[in-house]
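I have placed the structure first, in the form of structure tokens, so that the comments after it can refer back to it.
The values are calculated or read from the model by the stated rules, or taken from the named source; none is laboratory data. Since this is a predicted model, take the numbers as computed values, not measurements. When we count neighbours, we look across all protein chains shown, and the Cβ atoms used for this are built from the backbone with ideal geometry, even at glycine. Calculation scope for accessible area: heavy atoms of the full protein, side chains included, ligands and nucleic acids excluded. Shrake-Rupley method; radii C 1.70, N 1.55, O 1.52, S 1.80 Å.
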Amino acid sequence: IGLAPKENFQSNSYNYNNYGWYFYCHTGGLYSQNGDDNRNYYGTGLKSGQIIEVKYDKENERIRYLIDGVDCSAEPAFNNINNQKLDLYPAFDLTGLNESFQLIIE
């Protein structure tokens, strides 16, 4: 679950390591177009029913994740993410059977 630019996003392909910045719910790790490959962040995978929030600070170019309302880390998950000033949009990859989520935009 994360954010990605529209440009080059592949709707019928995996994007987690090519286009955007993502939190991997299975492990709590991070993936990104900048080379993050399951980088340790949260330390554990999410359980069914947990709520993940994605917070994008466009001015400071940072992404943070909150689980059940609690910040995952004292540090942002990603810094200096958008030096091209692209618009970012909610993005996700579902890779297993019986996976689901509910998107709420506030």
Flag for LEU88 being at pLDDT 85 or above, open to solvent by less than 70 Å² (accessible area, probe 1.4 Å) and under 19 Å from LYS47 (Cα atoms): no
Every residue from the range 50-76 that is over 13 Å from the mean Cα position of the chain (by Cα) and farther than 12 Å from CYS25 by Cβ: ASP57, LYS58, GLU59, ASN60, GLU61, ASP68, GLY69, VAL70, ASP71, SER73, ALA74, GLU75
Selection within the range 55-67 - in contact with a strand residue (DSSP E or B) (Cβ under 9 Å, 6 or more places away or on another chain), free of Cβ contacts under 8 Å to residues at least 24 places away in the same chain and at negative phi: LYS55, ASP57, ASN60, ARG62, ARG64, LEU66
Failed criterion for ASN82 (all others in (1) out of contact with any Gly (no Cβ under 8 Å at 6 or more places or on another chain); (2) modelled with pLDDT of 90 or more hold): (2)
Counted residues, the range 3-54 - those being at positive phi and surrounded by 16 or more Cβ atoms within 10 Å (Cβ to Cβ): 2
Criterion violated by PHE9 - all others in (1) out of contact with any Phe, Trp or Tyr (no Cβ under 6 Å at 6 or more places or on another chain); (2) assigned to a loop (DSSP other than H, G, I, E, B); (3) aromatic (Phe, Trp, Tyr) satisfied: (1)
Residues satisfying the stated conditions in the range 55-77, i.e. in a strand (DSSP E or B), touching a Leu at 6+ places or on another chain (Cβ under 8 Å) and either of a type outside the set (Val, Ile, Thr) or open to solvent by 50 Å² or more (accessible area, probe 1.4 Å) (or both): LYS55, TYR56
Residue list for the range 39-54, filter: part of a strand (DSSP E or B), more than 22 Å from ASN98 (Cβ to Cβ) and either modelled with pLDDT under 90 or not charged (D, E, K, R) (or both): VAL54
